Amino acid sequence: MSDNIKEPLFNLLHSVKRSLRQAIEVGDLGITPLHMRVLKIISLYNQKVTANDIVQKTLIDKAQLARLIKELIGLGYVSKLDNPHDKRSYYLGISGEGEQIVKQLRLAENRVNETMKMGLTDQEIADFVRLAKHMAQNLHDQD
């Protein structure tokens, strides 16, 4: 048995990204899966999340996140709102159009999730989740 878990993991991640793109047809929206991830977070914490909060939740590089937010604002999916507690930062809000994309994304993610789980037992799914979290923690602890 191979000890290299990196290749199957990369293949899985690539397949998930491809399936999500196909499911939501993101080419028409002008966004990437990373844009979608940020949109979902902004939607979840609408008007109560800062760029710094998103960096801490996702571990996305600050400069990359700043570009993503700028692009999402340019597309009209996100807006900046004054932060009354800190004049140096701002809250992020989601527009009606951005919320519609998030709804599409959630439906697409559910379809992809159900497809991935086909043929797996509840125990196999629980084991996978546990192992993936453990591996992520191992990598996080290394930083």
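Structure notes:
- In segment 107-132, residue surrounded by the fewest Cβ atoms within 10 Å (Cβ to Cβ) [restricted to those that are of a type in the set (Lys, Arg) and free of Cβ contacts under 8 Å to residues at least 24 places away in the same chain]: Arg130
- The combined condition, being charged (D, E, K, R) and in contact with a strand residue (DSSP E or B) (Cβ under 7 Å, 6 or more places away or on another chain), is fulfilled by Asp82.
- Residue match in segment 1-20 (condition: over 27 Å from Gln137 (Cβ atoms), surrounded by 13 or more Cβ atoms within 10 Å (Cβ to Cβ) and either touching a Phe, Trp or Tyr at 6+ places or on another chain (Cβ under 8 Å) or among the hydrophobic types (A, V, I, L, M, F, W, C) (or both)): no
- Taken together, the residues in segment 75-121 that are over 19 Å from the mean Cα position of the chain (by Cα) and among the hydroxyl-bearing types (Ser, Thr, Tyr) amount to 3.
- Residues satisfying the stated conditions in segment 97-143, i.e. acidic (Asp, Glu), modelled with pLDDT under 90, farther than 29 Å from Ile73 by Cα and assigned to a helix (DSSP H, G or I): Asp141
- Among the candidates Lys48, Lys62, residue that is in contact with a strand residue (DSSP E or B) (Cβ under 7 Å, 6 or more places away or on another chain) and among the basic types (Lys, Arg): Lys48
- Of the criteria (1) assigned to a loop (DSSP other than H, G, I, E, B); (2) of a type outside the set (Val, Ile, Thr); (3) modelled with pLDDT of 90 or more; (4) within 21 Å of Ile42 (Cβ to Cβ), which one Gly93 fails: (1)
- Restricting segment 25-79 to residues that are free of Cβ contacts under 8 Å to residues at least 40 places away in the same chain and of a type in the set (S, T, N, Q), the residue that is surrounded by the fewest Cβ atoms within 10 Å (Cβ to Cβ) is Gln56.
The values are calculated or read from the model by the stated rules, or taken from the named source; none is laboratory data. Since the model is a prediction, treat every value here as computed from it, not as a measurement. Note that each Cβ is placed from the backbone with ideal geometry, even for glycine, and that neighbours are counted across all protein chains shown.
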